[in-house]
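Coordinate-derived values only; no laboratory data. These numbers come from a predicted model, not from an experiment. Here Cβ is always computed from backbone atoms with ideal geometry, including for glycine, and neighbour counts include all displayed protein chains.
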């Protein structure tokens with residue numbers, strides 16, 4: 001299994017409603033991509049001082065690398081990703097992606 005972890009720094013002028021709409025766009029992908037699980041989205045709630053300005057994040061579990069790779073090139077993901085990047089501080093500078101391989 002691959003756990004896709006994404007951390008973001010939203011621009012200050014992006015309202016909560018737009019953040020929720022971005023989450024909904026990402027969540028809708030799981031009905032289009034077989035082997036993709038639910039998207040878990042949250043503000044950072046860690047008390048540790050190491051967030052480096054990343055205020056929100058989400059995770060998606062994929063059945064395997066092939067499923068994750070299908071997601072990356074899927075047209076709907078490209079649209080959702082563009083909407084997300086447009087809402088971030090510095091565009092892709094406000095984004096960090098880290099994929100973990102979780103033993104099954």
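Of the numbered conditions (1) assigned to a helix (DSSP H, G or I); (2) in contact with a helix residue (DSSP H, G or I) (Cβ under 9 Å, 6 or more places away or on another chain); (3) without any contact (Cβ under 8 Å) to a residue 60 or more places away in the chain; (4) surrounded by 14 or more Cβ atoms within 10 Å (Cβ to Cβ), residue 39 satisfies every one except a single condition; which is it? It is condition (1) that residue 39 fails. Being loosely packed, with under 12 Cβ neighbours inside 10 Å and assigned to a helix (DSSP H, G or I) holds for only one residue in 76, 66, 70, and it is 66.
For residue 14, the requirement of being touching a residue at least 12 places away in the same chain (Cβ under 8 Å), touching a strand residue (DSSP E or B) at 6+ places or on another chain (Cβ under 9 Å) and assigned to a loop (DSSP other than H, G, I, E, B) is met.
Identify, from the list 8, 39, the residue that is more than 11 Å from residue 84 (Cα to Cα) and within 12 Å of the chain's Cα centre (by Cα). Let's see the steps before the verdict.
On the way: 8 fails: more than 11 Å from residue 84 (Cα to Cα).
None of the others qualify; the one that does is 39.
If only one of 50, 54 is surrounded by 16 or more Cβ atoms within 10 Å (Cβ to Cβ), over 12 Å from the mean Cα position of the chain (by Cα), free of Cβ contacts under 8 Å to residues at least 60 places away in the same chain and not in a helix (DSSP H, G or I), which one is it?
Numbers: 50 fails: surrounded by 16 or more Cβ atoms within 10 Å (Cβ to Cβ).
Only one candidate qualifies: 54.
Somewhere in segment 17-25, is a residue over 16 Å from residue 74 (Cα atoms) and assigned to a loop (DSSP other than H, G, I, E, B)? No, because not a single residue in segment 17-25 is over 16 Å from residue 74 (Cα atoms) and assigned to a loop (DSSP other than H, G, I, E, B). Does residue 4 qualify as being touching a strand residue (DSSP E or B) at 6+ places or on another chain (Cβ under 9 Å), in a helix (DSSP H, G or I) and over 14 Å from residue 88 (Cβ atoms)? Considered against the rule, which asks whether it is touching a strand residue (DSSP E or B) at 6+ places or on another chain (Cβ under 9 Å), in a helix (DSSP H, G or I) and over 14 Å from residue 88 (Cβ atoms), residue 4 comes out as no.
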